1. When the Debye formula is applied to the Cα atoms of region 6-220, each taken as the same point scatterer, what base-10 log of I(q)/I(0) results at q = 0.07, 0.09, 0.13, 0.17 Å⁻¹?
2. Suppose the chain between VAL234 and ASN184 were pulled fully straight at 0.36 nm per residue; how much longer would it get relative to their current alpha carbon spacing?
3. From the C-alpha coordinates alone, can you work out the Kirkwood hydrodynamic radius of region 249-288, in Å?
4. Nothing charged except the Cβ atoms of Lys and Arg (+1) and of Asp and Glu (-1): what's the magnitude of the dipole of region 231-395 about its Cα centre? Round to the nearest 20 debye.
5. Debye sum, Cα scatterers, region 231-395, no solvent: what log₁₀ I/I(0) at q = 0.14 1/Å?
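Since every read-out is calculated from the coordinates, none of them should be taken as a lab result. None of the values given here were measured: they were computed from a predicted structure. Heads up, the Cβs are rebuilt from the backbone with ideal geometry, glycines too, and the neighbour counts pull from every protein chain shown.
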Amino acid sequence: MSNQHLSNTLFSDLGLPEVLQKGIEAAGFTYCTEIQSQALPIALAGGDVAGQAQTGTGKSAAFLLALYNRLCTDPGPQGRRLTQPRAMIIAPTRELAIQIHKDALQLGQFTDFKLGLVYGGTGYDQQRKMLEQGVDVIIGTPGRTIDFLKQGLFDLKAIGVFVLDEADRMFDLGFIKDIRYLMNRMPAPTERLSMLFSATLSYRVTELAYEHMNNPNPIKVDPDRVTVESIREVVYYPSNEEKVPLLITLLRQFGAARSMVFVNTKHVGEKVWSWLEGNDFKVGVLSGDVPQLKRERLLQGFKEGELEILVATDVAARGLHIPDVSHVFNYDMPQDAEDYVHRIGRTARAGASGDAVSFACEEYAYSLLEIHDYIGHEIPTEHIDHDNLVIPKPPVKIDRPLRRGRGVGGGRSGARGAERGRPQRSSSHHRPASSTPVQTAPSRSKQAPPVTPKTGPARPPTQETAPPRSAEPSNSTGANKAKPRSRRPEPPVIG
C-alpha cells in the first residue's frame, strides 16, 4: 500500500477508547487518511460532518470510528428497549451495505455491540428475527429498513448516531423521500450525531444536510480533483467492430489478472462475456437482475481469484471494495459523468495505483466532453495499433434460459450457468430433436382433419370424401342462417 494518500495524523493521537484502538491495530492501520484526519476530530468532539472525498480514501472508517466512539462514551437513554437501536447507517445499494458491515465487524471486533445488516433480495425471515431480538446498530438500504420499521419491529426514538453514505446516489436512485422519512422519526438533530459522506457533494446534498443536521461542518478533500491522481487514465477511439479485438489485445498485453469491464447494458455484458470466455479468460457477469446470493458468490469468487475478469453494469460501480483491481475498462463510455468517476474508482484503492482504459466508440463518444468538464481535465488519447490487434477466437454461444411454459424444460435451461453468475454455454445436445413435440406430431396428410375457413360458408367436399348426411339437418340449417351470404349459389346443407 502506498503512503501518499495518508496524513501525518496517528490514530493513537485521537484519544479513542482502547477497544477501538485494538481494532484499528488489528486492521493494520497506523496513520489516518486525509478525510479521516479532518473529519474524526470534529465528529469525536460531537460535531456533525458533511464530507466529500474521492472514492477509496477511507470514508467508511471515518464514520465507523466516530460512531463506535459515541456508543462507547455515551450510555444512551435510560430504559431503552432491545428493539430500539442506538445507531443507523444507510447506504444506497446492497453491495455497499454489505461492505460497510464487513468493515464495521473488523474495526469493532473488540467491542460487544450487536450489528444488524438489513437489505432486500434475500434473508427476509432471518433479518426479521434478528431485529426482533434487538441490535445496537442497523446497517441497511432504505427500502427493506423502512419495511421493517413500518411493521413495528423497531423504532428510531433512541438513535444517537445517524450516517448517510453516498448521499448523491440516494438522489439518483430516488431514495431521498425515504431518507427524509427515516430522519423525521429520529430524535432532533441537536440530540444525535449525524454524518453525511459522498464522493461528490452537490447543492441538493448540501441542502439536505443543513435541513436535517445540526450545523454540519463541510469537509472537502481535494475538491478540485475529482479522480484519484494515482489512476492512469487513457482513452481509445475504436469503431464498434474493433472494440472486442482491442479489449482482448489489451487484456493480454497488460496481463490483467484482476480487471473490471464496465458496460451500459446487460445484453452487451453477456456479449462481452461470450467473447472473453471463448478466448480462454475466466469471466463472470454482474448485472442488476442477478439474485443477491448469486451476486455475493460471484463477487467472492472474483475477490479470491477464481475469476480473472468481472464484466459489470453500473450496479457494481459504487461501494464495492475489491482489493488489487489492476485495470478498469470502460468498454462502453458511461452516459453520466459521475458514473465515470465511480467506475474508475474501483482501482487505485487505499493509495494503490491502477489503470483506467476507456473506449470512446461510435455510439458513446458523445459522453466524453461532459466527462472532461466534470473531472476537470482531458483524458490522454492513445492510438490503436491495428497491425497488432489479435484475431479473436469465436465467442461461446449463450444459452438463454427459457420462460416457464415456453419451450422445452419449462424454462430451466441454463440454471447451472446462472448459479455461477455466468451465462450458460450452448451445447449441441441441449435440445435433442427427438424430444421436441412439434417434430413428433402426426402428419397432417394422414390424420389431421380438413381445416374449415372461419369466414364464409364452407365449400362442399367432393363426392369421394363427403361424410354421410346428418339425421338432424335443422340444427345445421339454423347455424347456416347466421353466416354471411356469399355471391356464389348456396351450397347443399351438410350435417
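1. -0.19, -0.31, -0.68, -1.23
2. Details: separation 50, 0.36 × 50 = 18.00 nm, distance 4.54 nm.
Length difference between fully extended and current span is 13.5 nm.
3. After inverting the mean inverse Cα-Cα distance, the result is 10.8 Å.
4. 740 debye
5. Rounded to two decimals, the profile gives -0.67.
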